[in-house]
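Enquirer: Provided herewith is a single structure, encoded as structure tokens, for subsequent inquiry.
Just so you know, all these numbers are worked out from the coordinates, no wet-lab data involved. The structure displayed is predicted, hence computed values, not measured ones. Neighbour counts run over all protein chains shown; Cβ positions are idealised from the backbone, glycine included.
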């Protein structure tokens, strides 16, 4: 029996409309991803744009938007989006069994991969919702009494300061703030400034690995000096992990908090807390007074967001396939391109160091005369659809541009041209 020619036309029209719908849903140019070719790329051989185009196609950013605010929230690739969706489907179809399957994946796959990525023991690390939660856990958990001193820099994120202010009010802990200039003068200067505030009453130093403005602190050197003085080191790594390789064991700090939904590109609402096994006696558990392991110290009971936590593995695999060393080179290549353009503008002051030992690869902060940083965020979005951020901190009226590997030099050129025209 012959098929009706009209039915062929109807079916052909259906497939055309279906394909158009898929392309529309994924923002155009992402049909190959929708049909299952996620992560179908090779490690880039150089940091130039042409070597990253296939990797950049793994994202579904809405057409007309250029995203340069990765230091606030990362842009997950499609394999991470699919993993979260799949996790919620498992729980929706089989609530109890789906939950158990996700828990097994987290315990048997995600946690070992997380520990391997940052070179720690699996027993020393727990998942959290973000760096802020991890910072609260480590700050509220460290054993301190009235009159004990804690040294902080003036460049800490508000989320890192808030729990310390709570300890100051509740427990009578003395907070000593140390001014650190922008850009950083040198590694030695940072170490000397922080250590000059240490006294016999100092119990901890709390500081960023990378600040909100992209300044990179010498964590290992600070931790080494502090350890000899019997002082605990608590590090905020929210802006570090994912920009470059981070070997926490080698850093030597006692605790390390981080977000995974920024530069690692994991789902929103994911982070971790690391506490070194040998350092757990510095802390007491807010959940279990009989706790004996790092995980039981800091892991609150109750149901977690299992689909999000399970999808952390997809993000780590994606980053691992590219290589953190390659990501660091690419991010540095892009930020150098931005800085070179900014240097040509007489009314712009760059606050980020050119020295890779003192600046993170991806974030750049700068001031432009007579341009309010907060207003500039809206100007760039309205004029050219660029998402950036302000950095009105530390006495600066700065603009922050955080470029990740999926940005391009042509996008940076457009940003520079627009900045010059304002």
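Enquirer: Using the alpha-carbon atoms, what tilt in degrees (0 to 90, nearest 10) does helix 219-228 show relative to the longest principal axis of the chain?
Expert: Value to nearest ten degrees: 30.
Enquirer: Rounding to the nearest 10 and keeping the result within 0 to 90°, find how far the Cα-based axis of helix 158-171 lies from the longest principal axis of the chain.
Expert: Approximately 40 degrees, to the nearest ten.
Enquirer: Using Cα pairs under 8 angstrom and six or more residues apart, how large is the relative contact order of segment 87-318, in percent?
Expert: After rounding, I find 27 percent.
Enquirer: Let me ask something else about it. Quick check: the angle from helix 5-25's long axis to the longest principal axis of the chain, C-alpha only, nearest 10 degrees?
Expert: 20
Enquirer: Moving on to the next point. Over what distance in Å are the Cα centres of segment 310-382 and segment 97-136 separated?
Expert: 28
Enquirer: Which value in Å is the Kirkwood Rh of segment 87-318 over different Cα pairs?
Expert: Values: mean 1/r = 0.0551 Å⁻¹.
Mean inverse Cα-Cα distance, inverted, gives 18.1 Å.
Enquirer: Next question. Please pull out the direction-averaged projected area of segment 189-237, using the convex hull of its alpha-carbon atoms, in nm² to one decimal place. Don't skip to the end; give the middle numbers.
Expert: Working: hull surface 12.9 nm².
Averaging across all directions leaves 3.2 nm² for the Cα convex hull.
Enquirer: Sorting 386, 405, 179 on the 10 Å Cβ count, fewest up front, what's the list?
Expert: Numbers: 386 20, 405 27, 179 10.
Ranked by crowding around the Cβ, least crowded first: 179, 386, 405.
Enquirer: I want the antiparallel fraction of DSSP beta bridges within segment 192-329, as a percent rounded to 5. Don't skip to the answer; put the middle values down first.
Expert: Details: 6 of 15 bridges.
Just about 40 percent of them are antiparallel.
Enquirer: Follow-up question, since we're still on this one. Can you give the Rg to Rh ratio of segment 337-384, both from alpha-carbon atoms, with Rh computed by the Kirkwood formula?
Expert: We get a ratio of 1.00 for segment 337-384.
Enquirer: Separate question: When a footprinting reagent is the concern and you count Cβ atoms within 10 Å, what order do 217, 256, 177, 297 take, fewest first? Mind showing how you got there, number by number?
Expert: On the way: 217 24, 256 29, 177 14, 297 20.
With the sparsest Cβ surroundings first, the list reads 177, 297, 217, 256.
Enquirer: How would you rank 93, 101, going from fewest to most other Cβ atoms within 10 Å of each one's own Cβ?
Expert: Details: 93 9, 101 16.
If I rank by nearby Cβ atoms, fewest first, I get 93, 101.
Enquirer: Using DSSP, restrict attention to beta bridges with both residues in segment 116-248 and report what percent are antiparallel, rounded to the nearest 5. Working shown, then result.
Expert: On the way: 1 of 16 bridges.
DSSP beta bridges in segment 116-248 are roughly 5 percent antiparallel.
Enquirer: Ok, one more. Please figure out what share of the DSSP beta bridges in the chain is antiparallel and state it in percent, rounded to the nearest 5. Each step should come with its number before you reach the end.
Expert: Numbers: 22 of 43 bridges.
Counting only bridges with both partners in the chain, antiparallel ones make up about 50 percent.
Enquirer: Would you look at the GNM of the chain, springs on alpha carbons closer than 10 Å, and say which of 279, 352, 200 moves the most?
Expert: Comparing 279, 352, 200 in the GNM, the peak value goes to 200.
Enquirer: Extent of segment 310-367 along each principal axis, from alpha carbon coordinates, in Å, largest to smallest?
Expert: 48, 19, 18
Enquirer: Compute the Rg/Rh shape ratio of the chain: radius of gyration over Kirkwood radius, all on alpha-carbon atoms. Walk me through the numbers on the way to the answer.
Expert: Details: Rg = 23.5 Å, Rh = 23.1 Å.
The Rg/Rh ratio comes out at 1.02.
Enquirer: While we're on this one: For every helix of n ≥ 4 consecutive DSSP H residues, a contribution of -39,500 (n - 2.57) applies; sum these over the chain, divide by its total residues, and give [θ] at 222 nm rounded to the nearest 500 deg cm²/dmol. Display every interim value, and only then the final one.
Expert: Working: 16 runs with 177 residues, N = 422.
Dividing the helical sum by the residues of the chain leaves -12500 deg cm²/dmol.
Enquirer: Taking the chain as a Gaussian network, Cα atoms linked when under 10 Å apart, which of 94, 221, 123 shows the biggest mean-square fluctuation?
Expert: Its mean-square fluctuation being the largest, the pick is 94.
Enquirer: Sticking with this one: Give me D for segment 325-421 in µm² s⁻¹, whole number, from Stokes-Einstein with Rh from the Kirkwood sum over alpha-carbon pairs, 10 °C and 1.306 mPa s. Could the numbers behind the result be given before it?
Expert: Values: Rh = 13.5 Å.
For these conditions, the coefficient is 118 µm²/s.
Enquirer: If you don't mind, there's one more thing I want to ask. Rounded to two decimal places and with Rh computed the Kirkwood way over Cα pairs, what is Rg over Rh for segment 261-420?
Expert: Values: Rg = 20.3 Å, Rh = 18.7 Å.
Radius of gyration over Kirkwood radius for segment 261-420 works out to 1.08.
Enquirer: In units of 2.2 N^0.38 Å, what is the alpha-carbon radius of gyration of segment 143-263?
Expert: On the way: Rg = 13.7 Å, N = 121, 2.2 N^0.38 = 13.6 Å.
For segment 143-263, the normalised Cα radius of gyration is 1.00.
Enquirer: Something else about it: If packing is taken as the average count of other Cβ atoms within 10 Å, what order do 330-337, 203-210 fall into, highest mean first? Walk me through the numbers on the way to the answer.
Expert: Working: 330-337: 22.0, 203-210: 24.4.
Ranked from most to least packed, the peptides come out as 203-210, 330-337.
Enquirer: Here's something else I'd like to know. Where does each of 161-173, 299-311 land if you order them by average Cβ count within 10 Å, highest first? Write down the numbers at each step before the final one.
Expert: Working: 161-173: 15.2, 299-311: 17.6.
Put in order of decreasing packing, that is 299-311, 161-173.
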